[in-house]
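Have a look at the structure below, then the notes.
The values are calculated or read from the model by the stated rules, or taken from the named source; none is laboratory data. On a predicted model such as this, the values are computed, not experimentally measured, just so you know. A quick note on method: Cβ atoms are made from the backbone with ideal geometry, for glycine too, and the neighbour counts reach across all protein chains shown.
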Amino acid sequence: MRYKVTWTMYFTDSNIPDTIAVAIVEAATVSKARYAAYKQMIPDRGYRFEWFINETEVEKIEMENEHMIHKLKILPQYFEDKLQGMKKWEVRKNDRPFKAGDTLQLEEWSEKTGYTGRLLQEYIKKIYTEAPGIKEGYIIMNTEYISASYKTRGE
């Protein structure tokens, strides 16, 4: 779930008494966690201003035309199959707004060592919500390889 956040910044100009300038700032869509952080944000940067979140302006954004990057774990044996081009699909729980055109960022993860640092990106070509043998609440995504990389800690 993502939100559109609009907030207003009120500040005064010490050179002109009794003036209040108002700037309305609209953020890009943000996650629920980022929205919660904004709600608690009242920064003090040496200026006389306050930030107010107008909660009535918060609305759920329909992601129909926006492509998302979904970061997911993948076990080493499946990661290798993907790298070698033998696995061009993903079966996943349908707990995210997956859609054709989105990108999967698959990060190799081992139960013994955790994240290995290897990752690959794939493009979602097509999504199947119903197919013989697939459990309810799961989907099959036909994917196409984009790139692979290795990141070290701290990146």
*asked:* Among the listed residues Lys93, Lys60, Lys73, identify the single one that is at pLDDT below 90 and under 19 Å from the mean Cα position of the chain (by Cα).
replied: Lys60
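Kindly evaluate Glu111 against the criterion of being loosely packed, with under 12 Cβ neighbours inside 10 Å and modelled with pLDDT of 90 or more.
yes
Considering only residues that are of a type outside the set (D, E, K, R) and assigned to a helix (DSSP H, G or I), look in the stretch 76-98 and name the one that is surrounded by the most Cβ atoms within 10 Å (Cβ to Cβ). Write out each step before concluding.
Start the filter on the stretch 76-98 by keeping residues that are of a type outside the set (D, E, K, R), which leaves 76-79, 83-86, 89, 91, 94, 97-98.
Next, only the ones that are assigned to a helix (DSSP H, G or I) stay: 76-79, 83.
Details: Pro76: 15, Gln77: 9, Tyr78: 15, Phe79: 22, Leu83: 14.
Restricting to residues being of a type outside the set (D, E, K, R) and assigned to a helix (DSSP H, G or I), the top hit is Phe79.
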_Subset of the stretch 122-136 (residues that are out of contact with any Leu (no Cβ under 7 Å at 6 or more places or on another chain) and either of a type outside the set (Ser, Thr, Tyr) or modelled with pLDDT of 95 or more (or both))_ = Lys125, Lys126, Ile127, Glu130, Ala131, Pro132, Gly133, Ile134, Lys135, Glu136
*Identify, from the list Glu136, Glu111, the residue that is within 12 Å of Ile74 (Cα to Cα) and more than 20 Å from the chain's Cα centre (by Cα).*
Glu111
*Return the total of residues in the stretch 144-155 being under 18 Å from the mean Cα position of the chain (by Cα) and either part of a strand (DSSP E or B) or buried (at least 17 other Cβ atoms within 10 Å of the Cβ) (or both).*
0
_What are the pairs with Cβ atoms under 6 angstrom where one residue, in the stretch 119-130, is over 15 Å from Gly101 (Cβ atoms) and the other, located anywhere, is among the aliphatic types (A, V, I, L, M) and in a strand (DSSP E or B)? Sequence gap at least six, or different chains._
Leu120/Leu106; Leu120/Ala148; Tyr128/Ile140; Thr129/Ile139
*Please specify each residue of the stretch 120-143 satisfying the condition of being among the charged types (D, E, K, R) and either not assigned by TED's automatic domain parsing to the domain that holds Val91 or not in a loop (DSSP other than H, G, I, E, B) (or both).*
Glu122, Lys125, Lys126
